[in-house]
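**Student:** My questions all concern the structure below.
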Amino acid sequence: MARRKKIYEGKAKILYEGPEPGTIVQYFKDDATAFNAEKMEVIDGKGVLNNLLSEYFMNGLNTIGVPTHFIRRLNMREQLVKSCEIIPLEVIVRNYAAGSLSKRLGIEEGQQLPRPIVEYCYKDDSLGDPLVSEEHIAAFGWASQQDMDDILSLALRVNDFMSGIMLAVGIRLVDFKIEIGRIFDGDFQRLVIADEISPDSCRLWDIETNRKLDKDVFRRDLGNLTDAYAEVATRLGVMPKNSPQLIKPTLIN
Ligand code: TMP
């Protein structure tokens, strides 16, 4: 295969220049990190599962008219996406208390929130992605008021969609994080869901048992992460038939 130009390497993914202008190849690594990469491990098969799951969620969102950067999956570890400028915010939607919200406000994990709560964090690893308000976002020009209206509406639509498909397979969507990209089209720009939607970026609990089926399994040492993600993929019907292939990281470049 021809050597491709690497554009960016993050903690869980690598971005390569795509085959056509305006496209990017997104490669899913097996690396798992938590607490701003203080905890790190390579977990065989995680990248494959996140690639398949993110494809499933992004395809569904595109189908119901929530625009995403996703074009198509290329292979077990890569997908073709539209190139976009990432807004430097992590947009978090919470339906039940957990994680940093529980810690910050002293609310027991698992308590249903009176309504979905949307939070914004400034994407900067060196600062630990701090929570920011819309005042900060406006004052520092990270997004306009129109962008923020669009982002809120996108985030709530993703929440309804994801809550519904998870409920159908006996999983509670506790919370999730999305990233938003800007795509320029002449004088116009539009916002799309970018990055990934996967058990790395959601909290997913079994409805009956509250068993965790997301990255908290790794963050909190609760067992085998690949088993948890494979459980989600199996319930959603996206688990590949040839599962042993999962375990072998493919060679790239
Ligand atoms: P938090 O409770 O730790 O703030 O996490 C809220 C949601 O955001 C949870 O579903 C996990 C996800 N998340 C990420 O995707 N990336 C991150 O770096 C962090 C801290 C959380």
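The values are calculated or read from the model by the stated rules, or taken from the named source; none is laboratory data. Remember, it's a predicted structure, so these values are computed and weren't measured experimentally. Positions of Cβ are backbone-derived with ideal geometry, glycine not excepted, and every protein chain shown enters the neighbour counts.
**Student:** List every residue pair whose Cβ atoms sit under 7 Å apart, with the two residues 6 or more apart in sequence or on different chains, where the first one lies in the stretch 151-165 and is within 12 Å of LEU61 (Cα to Cα) and the second, anywhere, is assigned to a helix (DSSP H, G or I) and among the charged types (D, E, K, R).
**Tutor:** none
**Student:** Still on this structure, please answer the following. Evaluate the stretch 96-105: report whether one residue or more is part of a helix (DSSP H, G or I), surrounded by 18 or more Cβ atoms within 10 Å (Cβ to Cβ) and within 12 Å of the ligand (Cβ to nearest atom).
**Tutor:** Checked against the condition, which is being part of a helix (DSSP H, G or I), surrounded by 18 or more Cβ atoms within 10 Å (Cβ to Cβ) and within 12 Å of the ligand (Cβ to nearest atom), the stretch 96-105 yields at least one hit.
**Student:** Still on this structure: Of all residues in the stretch 52-91 being touching a Gly at 6+ places or on another chain (Cβ under 6 Å) and assigned to a loop (DSSP other than H, G, I, E, B), which is surrounded by the fewest Cβ atoms within 10 Å (Cβ to Cβ)?
**Tutor:** SER83
**Student:** For ILE207, state whether it is buried (at least 24 other Cβ atoms within 10 Å of the Cβ) and modelled with pLDDT of 95 or more.
**Tutor:** no
**Student:** Now for a different question. Residue check, SER144 against (1) away from the ligand (no atom under 15 Å from the Cβ); (2) within 26 Å of TYR27 (Cβ to Cβ), all met but one. Which one?
**Tutor:** Failed condition: (2).
**Student:** Take the residues of the stretch 18-51 that are of a type in the set (D, E, K, R), surrounded by 13 or more Cβ atoms within 10 Å (Cβ to Cβ) and assigned to a loop (DSSP other than H, G, I, E, B): which is farthest from the ligand (Cβ to nearest atom)?
**Tutor:** The extreme case among them is ASP44.
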